[in-house]
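Each remark here refers to the structure printed beneath this line.
The values are calculated or read from the model by the stated rules, or taken from the named source; none is laboratory data. No experiment lies behind these values; they were computed from the predicted model shown. Here the Cβ is made from the backbone with ideal geometry for all residues, glycine too, and neighbour counts use every protein chain on show.
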Amino acid sequence: MKRWTLFIPLVIFFLLGFFLWRGLYLNPKDVPSALVDKDFPEFSLPTLLSQETKTRDDLLGQVRLVNVWGTWCISCKVEHPFLVELAQQGISIVGINYKDDNDAAKRWLDDLGNPYVFSVDDENGDLSMDLGVTGAPETFILDANGVVRHKHQGPITKGNWGPLKTIYDGLVQEANLANGLKQEPNK
Amino acid sequence: MMNLMSAVRFITVLLFMFGAQVSLAIVDGHEYVFEEGSAIENQSRAQLFKQLAEELRCPKCQNQNLADSNAMIAQDLRRELYSQVKEGKGADDIVDFMVNRYGEFVLYRPALNEKTIFLWYGPIALLVLALLVFIVVVLQRRKAAASPEQAVKKDNESADENISAAEQQRIDQLLQAGSDNGQSTAPHKEGE
């Protein structure tokens, strides 16, 4: 037997050790979304405030945040003031009111301000199930073609908005570019 | 008292199953009734429901299946699973439905593909490798034991029970001579 072969078990040990050590620093709650880079699912739901029916088509044409919220969800309350701030900056946010009591939800928007262009009333959680939502709040960033480009679990705060803003700005730029290309032949 | 009650319950369940061609799946203390199809269909649906509730992982929880978890999402998914099984959908369709929404995270029994092939066959491959190494080592030692003179040259440890005292002495001499300087001989060493 050649001498170097004696080191094979040691090498295997270090390889295994390396992977196990790396595993210590992975976040087990980081579940990759199955929906990223896929079309936002079709839906047809009434809005919370006017009972007007909205569908997927109403999301197209603009980069949007789609925010899943509920009055029963404490982190949503933490997140809410910052969403209001983002809406004031001109960011289009659509709400999905997830398995909520309608009256409580309306009161919430009255009291805390309404950052949403509209909120659909997902009473049974069907749309949220199609979105793979596991809890609230969750926020999806959609491009102008209605494709989910990013998913954020947990509240959006000043602290974690930075990288999300980069994604958002990138998509706005992408949309402007696509618009420019489409419009140029007409001009 | 409890025994009597559970016996009564068991009989009711049996009566239900054979009388009205209804099947029951009891998951996490809840009863799920399957009564839409024929008796055989209902039975296999109840079985499928139980199997999938145990095999699908609650996406919100770290290590609970749909059957065990009380998280809101797990309750919703159990309901969805129940209605899909009742409609007569197959296991593959239902698993696809879940994976399309929640990712492969929900599978306690991951699908076999290029990403998971090591997960499935890695342990067997390692075991086979270990067996091969073991067999090779054993065969080599046997060969060495069968022909001691050759073994001394190749591997003096494995064969040292088979050499005579005179041979051992000579080996020791040679080793001593070689240990200080590979090229020096015994007389040289004494002179130094």
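Residues of the range B:106-117 being in contact with a helix residue (DSSP H, G or I) (Cβ under 9 Å, 6 or more places away or on another chain) and either in contact (Cβ under 8 Å) with a residue 40 or more places away in the chain or surrounded by 11 or more Cβ atoms within 10 Å (Cβ to Cβ) (or both), which ones?
Correct list: B:V106, B:L107, B:Y108, B:R109, B:P110, B:A111, B:L112, B:T116.
Please go through (1) assigned to a loop (DSSP other than H, G, I, E, B); (2) at pLDDT 95 or above; (3) within 24 Å of B:C58 (Cβ to Cβ) for A:K29 and return the number of the only condition it doesn't satisfy.
Answer for A:K29: the failing condition is (2).
Inside the range A:124-140, can you point out the residues that are surrounded by fewer than 20 Cβ atoms within 10 Å (Cβ to Cβ) and either in contact with a Pro (Cβ under 8 Å, 6 or more places away or on another chain) or at pLDDT 95 or above (or both)?
Residue satisfying the conditions is A:D130 alone.
Could you go through the range A:101-122 and let me know if any residue there is within 14 Å of chain B (Cβ to nearest Cβ), assigned to a loop (DSSP other than H, G, I, E, B) and in contact (Cβ under 8 Å) with a residue 24 or more places away in the chain.
Quick first cut of the range A:101-122, residues within 14 Å of chain B (Cβ to nearest Cβ) only: A:122.
If we keep only those that are assigned to a loop (DSSP other than H, G, I, E, B) too, we end up with none.
The answer is no, given that none of the residues of the range A:101-122 is within 14 Å of chain B (Cβ to nearest Cβ), assigned to a loop (DSSP other than H, G, I, E, B) and in contact (Cβ under 8 Å) with a residue 24 or more places away in the chain.
For A:G159, state whether it is away from chain B (no Cβ under 14 Å), within 15 Å of A:E79 (Cβ to Cβ) and not in a helix (DSSP H, G or I).
no
In this structure, is A:D57 in a loop (DSSP other than H, G, I, E, B) and of a type in the set (D, E)?
No; evaluated as a whole, the condition is false for this residue.
If you check A:K187 against the conditions, is it among the basic types (K, R), modelled with pLDDT under 90 and surrounded by fewer than 17 Cβ atoms within 10 Å (Cβ to Cβ)?
When the stated conditions are applied, A:K187 passes them.
Just wondering, is there one or more residues in the range B:65-87 that are exposed (fewer than 14 other Cβ atoms within 10 Å of the Cβ), modelled with pLDDT of 85 or more and more than 30 Å from A:C73 (Cα to Cα)?
yes
Quick check on my filter: what residues within the range B:95-133 are within 13 Å of chain A (Cβ to nearest Cβ) and touching a Leu at 6+ places or on another chain (Cβ under 8 Å)?
Answer for the range B:95-133, where residues must be within 13 Å of chain A (Cβ to nearest Cβ) and touching a Leu at 6+ places or on another chain (Cβ under 8 Å): B:V95, B:M98, B:V99, B:R101, B:V106, B:L107.
So if I check each of A:P41, A:P32, which one is within 14 Å of chain B (Cβ to nearest Cβ) and free of Cβ contacts under 8 Å to residues at least 12 places away in the same chain?
Just a single option satisfies the conditions, and that option is A:P32.
Of the residues A:F13, A:F19, only one is at pLDDT 90 or above, surrounded by fewer than 10 Cβ atoms within 10 Å (Cβ to Cβ) and farther than 22 Å from B:Y102 by Cα; which?
When all the criteria are applied, what remains is A:F19.
Being more than 14 Å from every other protein chain (Cβ to nearest Cβ), over 13 Å from the mean Cα position of the chain (by Cα) and under 28 Å from B:C58 (Cβ atoms): is that true of A:N97 here? Explain how you work it out, then say what you get.
Working: more than 14 Å from every other protein chain (Cβ to nearest Cβ): yes; over 13 Å from the mean Cα position of the chain (by Cα): yes; under 28 Å from B:C58 (Cβ atoms): yes.
So A:N97 passes the test.
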